[in-house]
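A short write-up of the structure that comes next.
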């Protein structure tokens with residue numbers, strides 16, 4: 001087979017500084033070492049053309065396997081941290097998997113029997129010269145907020161499209177971090193930014209407290225960091241932000257409302273703050289760095305990076321080389337329409353010269369025939385200075401079928417005596433900005449709101 | 001506080017929020033004359049459920065919505081706790 005045109009991920013390891021690392025709470029791996037050492041006990045050459053499922057408990061091992069196998073394997077399927085082994089069989093069948101890389105014992109699983117199982121460890125054994133002979137397909141699972149997760153197929157070119165367009169070496173001295181897991185689209189973007197852009201990376205660690213995580217980010221010299229608005233609100237609430245001073249803050253994965261953008265600008269006055277629109281299926285659409293919620297209307301249409309966006313029936317549609325190529329598996333539905341546009345299901349609304357995200361198509365609450373997106377209610381509630389985070393949701397009503405109610409987390413240290421005042425202030429704020437049926441009928445103050453493994457506000461009952 | 005007082009107080013609160021001027025609250029007042037629209041009633045039922053722990057219009061099998069204020073109060077009073 002002739003070598004593909006694409007550059008394999010490991011070819012970027014020698015770029016930039018010599019002391020580049022990728023680390024988690026336990027180990028730091030030198031990227032320069034990865035050039036000539038294997039984390040697969042030297043079995044990399046066996047894996048040429050194989051379809052490999054990567055399911056490791058530690059993100060670090062997944063990162064090492066991705067770097068070692070891109071350009072070698074035919075396809076890589078990245079299993080997210082909440083991956084349940086009971087789903088192995090289905091994934092193996094749907095994605096035609098023949099090899100499993102893991103740091104866990106899986107011999108008991110019948111699906112594993114038909115696959116070669118290879119362990120993974122820190123890079124150790126020296127390996128001979130490797131060749132790049134495959135344009136590896138990158139397979140990821142959707143977060144499955146609606147229904148079972150689907151497998152989507154990307155190429156490295158598509159995944160790195162936004163990074164290359166921005167000029168990959170723009171942040172060559174950066175140390176990246178993300179609150180995401182790198183086996184999800186938002187996290188993988190950051191790993192690729194670090195590897196392709198010549199930087200380093202500090203990985204998140206499941207179960208770690210915010211304070212411990214932030215301490216590690218500081219110790220690792222993190223300069224660039226990304227997460228969902230829910231991740232960022234959690235950090236702002238924790239009080240741990242005071243000791244941390246990144247240069248670049250990125251939000252994606254959920255609607256970045258004005259309140260969270262302002263909150264971050266206040267907490268990190270020296271950082272530049274950008275919010276990006278991206279999804280596992282649609283890839284990176286755009287990023288905005290003017291500190292305002294929504295995005296300029298002129299981004300609709302075709303931009304110079306080859307991303308084309310349009311709004312049809314209120315939802316944002318994207319066509320570009322960065323979108324996933326297809327869903328994988330028997331009976332997989334088409335990912336894009338006949339013209340190649342991916343319907344994101346995210347509903348936008350033009351207000352003046354700017355589009356604002358109002359919510360998900362499937363998340364609409366129907367109040368006696370009148371519609372509301374929970375996110376638009378939350379955006380208004382979050383503007384109150386005492387509100388840290390909120391969730392609007394549907395509650396059934398014998399009168400109107402449903403009504404909007406809101407659960408609100410207040411900032412720390414607020415006297416309970418002030419609750420009633422704050423409640424009526426929030427209500428009148430909602431009345432001023434929202435149609436009557438969108439104003440929450442009941443506001444409840446809560447201690448915490450559930451955030452999903454993907455870092456997004458849980459909307460299970462929406 | 002009696003159920004009746006709680007209902008009246010919740011109604012006054014909602015009237016204030018919805019900028020509705022309530023007529024004097026008495027048993028024979030028709031619910032149509034309260035100035036409440038269906039949204040206001042939906043809010044009332046939700047808040048009363050939180051306060052009293054009951055929603056008589058969802059649990060009753062023959063849920064007929066009351067037409068006067070007196071019937072509304074009785075709907076709440078008659079639910080076995």
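The values are calculated or read from the model by the stated rules, or taken from the named source; none is laboratory data. Just so it is clear, the model here is predicted, and its values are computed rather than measured. Ideal geometry is used to build each Cβ from the backbone, glycine not excepted, and the neighbour counts take in all protein chains shown.
Yes or no, residue by residue, for (1) at the interface with chain B (Cβ under 9 Å from one of its Cβ atoms); (2) over 30 Å from residue A:182 (Cα atoms):
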site	(1), (2)
A:419	no, yes
A:423	no, yes
A:439	yes, yes
A:443	no, yes
A:457	no, no
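Among residues of segment A:206-221 being touching a strand residue (DSSP E or B) at 6+ places or on another chain (Cβ under 9 Å) and surrounded by fewer than 15 Cβ atoms within 10 Å (Cβ to Cβ), the one that is nearest to residue A:247 (Cα to Cα) is A:221.
If you check A:54, A:67, A:35, A:22 for being out of contact with any strand residue (DSSP E or B) (no Cβ under 8 Å at 6 or more places or on another chain) and either modelled with pLDDT of 95 or more or more than 11 Å from residue A:123 (Cβ to Cβ) (or both), only one passes: A:67. Among (1) touching a residue at least 60 places away in the same chain (Cβ under 8 Å); (2) within 30 Å of residue A:373 (Cβ to Cβ); (3) crowded, with 18+ Cβ neighbours inside 10 Å, which single condition is residue A:201 missing? Tallying (1) touching a residue at least 60 places away in the same chain (Cβ under 8 Å); (2) within 30 Å of residue A:373 (Cβ to Cβ); (3) crowded, with 18+ Cβ neighbours inside 10 Å, residue A:201 fails exactly one: (2). Can you spot a residue in segment A:377-388 that is more than 28 Å from the chain's Cα centre (by Cα) and more than 23 Å from residue A:450 (Cβ to Cβ)? No: segment A:377-388 contains no residue that is more than 28 Å from the chain's Cα centre (by Cα) and more than 23 Å from residue A:450 (Cβ to Cβ). No other residue among A:61, A:83 is part of a helix (DSSP H, G or I) and out of contact with any helix residue (DSSP H, G or I) (no Cβ under 8 Å at 6 or more places or on another chain) apart from A:61.
No other residue among A:42, A:71, A:84 is surrounded by fewer than 19 Cβ atoms within 10 Å (Cβ to Cβ) and at positive phi apart from A:42. Where helices (runs of 4 or more DSSP H) fall wholly inside chain B, the ranges with 3 or more residues that are without any contact (Cβ under 8 Å) to a residue 40 or more places away in the chain and within 14 Å of chain A (Cβ to nearest Cβ) are B:3-17, B:38-52, B:56-59. Restricted to strands (runs of 3 or more DSSP E) entirely inside segment A:338-408, those with at least 2 residues that are away from chain B (no Cβ under 14 Å) are A:342-351, A:354-360, A:387-397. Out of all the residues in segment A:160-183, which are crowded, with 17+ Cβ neighbours inside 10 Å, touching a residue at least 40 places away in the same chain (Cβ under 8 Å) and touching a helix residue (DSSP H, G or I) at 6+ places or on another chain (Cβ under 9 Å)? Across segment A:160-183, the qualifying residues are A:162, A:171, A:174, A:175, A:176, A:177, A:178, A:179, A:180, A:181, A:182, A:183. Confirm whether residue A:448 is within 14 Å of another protein chain (Cβ to nearest Cβ), loosely packed, with under 15 Cβ neighbours inside 10 Å and at pLDDT below 95. Here the answer is no, as residue A:448 does not meet what is asked.
Being closer than 27 Å to residue A:414 by Cβ, in a loop (DSSP other than H, G, I, E, B) and in the same structural domain as residue A:186 (by TED's automatic domain parsing) is the requirement here; does residue A:265 meet it?
Here the answer is no, as residue A:265 does not meet what is asked.
The number of residues in segment A:238-280 being free of Cβ contacts under 8 Å to residues at least 24 places away in the same chain and within 24 Å of residue A:78 (Cβ to Cβ) comes to 0. The residues of segment B:19-46 that are touching a strand residue (DSSP E or B) at 6+ places or on another chain (Cβ under 6 Å) and surrounded by 14 or more Cβ atoms within 10 Å (Cβ to Cβ), listed by number, are B:42, B:46.
Counting the residues of segment A:402-417 that are touching a residue at least 12 places away in the same chain (Cβ under 8 Å) and surrounded by fewer than 16 Cβ atoms within 10 Å (Cβ to Cβ) gives 3.
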